[in-house]
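The values are calculated or read from the model by the stated rules, or taken from the named source; none is laboratory data. Quick caveat, the model's predicted, so the values are computed rather than measured. Here the Cβ is made from the backbone with ideal geometry for all residues, glycine too, and neighbour counts use every protein chain on show. Quick note on the areas: whole protein, heavy atoms, side chains included, nothing else; ligands and nucleic acids left out. Shrake-Rupley method; radii C 1.70, N 1.55, O 1.52, S 1.80 Å.
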Amino acid sequence: HAFALEGYDAVVYLDNDIEVQGDLTPLLRCAATGRMLSAAGGIGEPLNVGMFAVRPDRRLLDAAVNFTQSANYDERTGWGRAGFRPSGGPFSGAECGQGLWHTLFFKHWNRYVKAAFASVGLQLGAAGKDGIRAAAVDMCEWNYQLGGNCVEGFDCARVRLHHKPPRREARKNDCVKRAEPAPSLEPAPAPAKEPACEECCHDGLEISECLDVDACAVSGPDAGKYALVMALGERLHHDFLRNLGALRAAANRSRNTTIDLLVFVTAEGSRRLGEEQRQAMRKHGARVEEVPWVGPPELPDHPADGRCGDLADGLMGPIHALGLERYDAVAYYDPRIEVQGDILPMLRCAASGRVLATSGPMAEPMSAEFLAVRPDRRLQQVVRAFAREARYSTSRCWGDAGFWPKRGGYTGSNCAAGFLTTVLWKTGAPLVRRLREAAGLATPEVGPQGGMLDKCVWNYQHTWNCPSGFDCRRV
């Protein structure tokens, strides 16, 4: 609608959480010459739709409508098959306004873009009353979002528009918002303890209360060394590029800690990584952690199941995470997961000696898409031995351990979800108990202990199992 405000020479649109900190006159005067001005975002997106300045022209609105009616979004090729450059792949908001705006105003060569502007008598990239030229402005000055994207020693007095972070979340080197009160030195009130998900946690046999992450975190190290990992198996998942930025932002928010970003790949997988993917990894400080195999060599041939993918692919991240003993805790994330909040309490809880997971979206007892653990090679040895000896039965699940707390087979019970539920949570099952004893984990109290987390908060997948009116800020 800002496009259609033709009574003005220029208009600036600002998200509600942007604070004006400097003179906007140069931005407005520049836009009034026939420019569409925008800035990149804080987690790697080439355009952040929270701020733009434009010379209004009703035809721009019509062109945008025409484009959305003709161009579809594809998760591999973007809007109108225009791709994701300069990003290495899908970025945060690529499928939403940010990706659409970036395509519409910067992909002038795309046929859908050309047709949309031609249909209203405008020429993208041209000057004059029938032209519109898109340009990016410096995000550190005109749409400030975290100090990690600005040069070392950046002078905060240069900020004209401050978007993120809120003052209470600012790190040591971040520029802060001025209108917000300074953080109180008093201890923050305890977070709400009421559970979000309903009957979604268990102890391997029965439904139980979810683990209180904040209470558990008190037992973890004050300044630990952690890793956030993704795994790229036989299929190089394109989504991992989109969420690397969010992982990096989460790592940067944590003070007094070291948090590395790792991507598990085999030697063959490493050779298949393209230059765009490697550039995205370098941009976000993610490092390749080469591993010898996808699934454990002991794993028998297991046909892929269309409902849950290949078993080896599903086990790759969790199993290799167990062996990273140089870290106090490791959290494995499926490449499709986006981190949206503070994950340090979860990492500290895992570092206290826990294996943390959540239930899944189809009521399966465990989702194989997230696992946090204090690495222990003894437990990795148990998992590999279980892969060698256990077989799946449609009546008794893996290793004859049964389906409890479910009464029978569930989605993914024959794949990674069922495999990991059995070997990590059913410590009393005869086969699991024998393998733990052989590895020096004779009693459940030795080695990392299982703990189920509230899936609405720690692995949100849809509203089912979450209470009516659930506050999405808790995710």
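General observations
- Distance from the alpha carbon centroid of the stretch 346-412 to that of the stretch 1-54 works out to 49 angstrom.
- Rolling a 1.4 Å probe over the heavy atoms of the protein chains gives the chain an accessible area of 46 Å² per residue.
- For the stretch 71-106 versus the stretch 270-286, the spacing of their alpha-carbon centroids is 19 Å.
- In units of the compact-protein estimate 2.2 N^0.38 Å, the stretch 1-132 shows a Cα radius of gyration of 1.03.
- Near ALA439, no amide H atom lies under 5 Å from its own; only residues 5 or more places off or on other chains count, and H is placed 1.01 Å from N.
- Net charge of neighbours whose Cβ lies under 10 Å from the Cβ of ALA4, counting Lys and Arg as +1 and Asp and Glu as -1: -1
- Annotation: amide H-H contacts under 5 Å for ASN48 (H modelled 1.01 Å from N, sequence separation of 5 or more, or interchain): ALA39, ALA40, GLY41.
- Three principal axis extents of the stretch 277-386 based on alpha-carbon atoms, in descending order, are 37, 35, 32 Å.
- Seen from GLY34, the other residues with C-beta closer than 12 Å to its C-beta sum to a net charge of +2, counting Lys and Arg as +1 and Asp and Glu as -1.
- Kirkwood hydrodynamic radius (C-alpha pairs) into Stokes-Einstein, the stretch 1-74, 20 °C and 1.002 mPa s, D in µm²/s: 159 µm²/s
- Under the shape rule built on the C-alpha gyration tensor, where the axes satisfy a ≥ b ≥ c, the chain is prolate, since a/c reaches at least 1.5 and a/b is greater than b/c.
- Calculated from backbone phi, Karplus (6.51, -1.76, 1.60) coupling profile of the stretch 403-419 in Hz, x at Gly/Pro: 9, 3, x, 8, 8, x, x, 10, 4, x, 5, 8, 10, 4, 4, x, 4
- Assuming charge only on the beta carbon of Lys and Arg (+1) and of Asp and Glu (-1), the dipole of the chain about its Cα centre is about 940 debye to the nearest 20.
- Farthest toward positive dipole pole in the stretch 352-428 [+1 Lys/Arg, -1 Asp/Glu at C-beta], among TYR392, PHE403, LEU424: LEU424
- Other-chain or far-sequence residues with amide H under 5 Å of ASP74's (modelled H): TRP79, GLY80, ARG81
- The chain, helix-only ellipticity at 222 nm - DSSP H runs n ≥ 4, -39,500 (n - 2.57), divided by all residues, nearest 500: -8000 deg cm²/dmol
- Spatial extent of the stretch 308-444: Rg and Dmax, with the Cα atoms as the point set, Å: 14.4, 41
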